[in-house]
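J.: What follows is a structure written as structure tokens; I'll ask about it next.
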Amino acid sequence: KLLWGIKAVQDVVKTTDETSPFRNIRVETPNAGSVLLTGSNGNIQIQTRVVCEADGDCALTLVGHRLAAFVGSMREGVVEIDVGTGERARIHGGEAEFSVAKGDAHDFPLMKGPDGEGRVEYTVRAGLLVEMLRKVHYAASADRTRPTLMGVLLRARSALPGMGSVLLAVAADG
């Protein structure tokens with residue numbers, strides 16, 4: 001489960017700039033039953049929650065590509081991340097053990113919602129979201145010099161009274 005969550009947020013994490021806070025994945029344990037993972041490149045932010053045992057309330061950042069490589073190299077089973085009090089976190093699973101530098105969660109800028117305040121969350125059936133993206137993704141630009149056209153815009157709109165909202169998916173290559 002943990003590796004799936006790391007891979008889900010790692011796609012937007014920058015790996016080339018060693019000084020960027022966006023090379024890290026933010027790891028939080030908001031409650032004892034889950035870990036919240038956040039990856040960002042400054043334009044896109046992805047969060048996922050992994051259901052697991054978590055001791056204590058903590059928030060820190062770990063280098064994204066190293067975290068993915070270390071957890072990915074471990075055999076299936078229990079993975080423990082011991083954040084301790086030093087500058088490094090210990091990742092242990094089976095016979096494998098790794099150490100990775102950790103950062104302060106406050107140095108990882110969380111993106112604001114469209115209103116400039118908090119996040120906006122939507123719940124969509126996975127199959128429906130995949131179908132929507134499949135129908136429009138081909139129209140997204142592959143030109144890296146125009147990064148704003150390389151994605152798919154998802155926008156929620158109010159529908160008719162009593163109908164809830166409608167989620168639109170749009171892509172264009174210019």
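The values are calculated or read from the model by the stated rules, or taken from the named source; none is laboratory data. Given the structure is predicted, the values throughout are model-derived calculations rather than measurements. Here the Cβ positions follow ideal geometry from the backbone for every residue, glycine too, while neighbour counts run over all protein chains shown. Surface areas here come from the heavy atoms of the whole protein model, side chains and all, with no ligands, DNA or RNA. Shrake-Rupley method; radii C 1.70, N 1.55, O 1.52, S 1.80 Å.
J.: With a 1.4 Å probe and every protein chain left in place, tell me how much accessible area LYS112 has, in Å² to the nearest 10.
T.: Looks like 140 Å² after rounding.
J.: What residues qualify as long-range amide H neighbours of SER99, i.e. H under 5 Å apart, gap of 5 or more or another chain, H built at 1.01 Å from N?
T.: ILE91
J.: Under a GNM of the chain (C-alpha, springs under 10 Å), which listed residue has the highest mean-square fluctuation: ASP143, ASP104, ASP57?
T.: Of ASP143, ASP104, ASP57, the most mobile in the Gaussian network model is ASP143.
J.: A follow-up question, please. Over the Cα atoms of the chain, compute the convex hull volume and normalise it per residue, giving Å³.
T.: Convex hull of Cα atoms, per residue: 160 Å³.
J.: Please find, in a Gaussian network model of the chain (springs between Cα atoms separated by less than 10 Å), the residue of THR85, THR19, THR145 whose mean-square fluctuation is greatest.
T.: Maximum fluctuation in the GNM of the chain, among the listed residues, is at THR145.
J.: A further question on this structure: Give me a comma-separated list of calculated 3J(HN,Hα) values for region 55-69, in order, Karplus coefficients 6.51, -1.76, 1.60 applied at θ = phi - 60°, integers in Hz, x for any Gly or Pro.
T.: 9, x, 9, 9, 8, 7, 10, 10, 4, x, 5, 6, 4, 5, 5
J.: Here's something else I'd like to know. Just name one of GLY94, HIS65, SER141: the one whose Cα is farthest towards the positive end of the charge dipole of region 20-141 (beta-carbon charges, Lys/Arg +1, Asp/Glu -1).
T.: SER141
J.: How big is region 29-102 in terms of Cα radius of gyration and Dmax, in angstroms?
T.: 12.5, 38
J.: Next question, about the same structure. Can you tell me how region 1-65 classifies by the Cα gyration tensor, rounded, prolate or oblate, using a/c under 1.5 as the rounded cut?
T.: Because a/c hits 1.5 or more and a/b exceeds b/c, region 1-65 counts as prolate.
J.: Using a 10 angstrom cutoff on alpha carbons, build the Gaussian network for the chain and name the most mobile of VAL130, VAL12, VAL50.
T.: Of the options given, VAL130 has the highest mean-square fluctuation.
J.: Here's a follow-up. Any chance you could give the angle, 0 to 90 degrees and rounded to 10, that helix 126-136 forms with the longest Cα principal axis of the chain?
T.: Tilt relative to the chain: about 60 degrees.
J.: Quick check on region 53-94: take the gyration tensor over C-alpha atoms, sort the square-rooted eigenvalues as a ≥ b ≥ c, and tell me if it's rounded (a/c under 1.5), prolate or oblate.
T.: Verdict is oblate for region 53-94.
J.: About the Cα centre of region 29-143, how large is the charge dipole given +1 on each Lys and Arg Cβ and -1 on each Asp and Glu Cβ? Please answer in debye to the nearest 20.
T.: 440 debye
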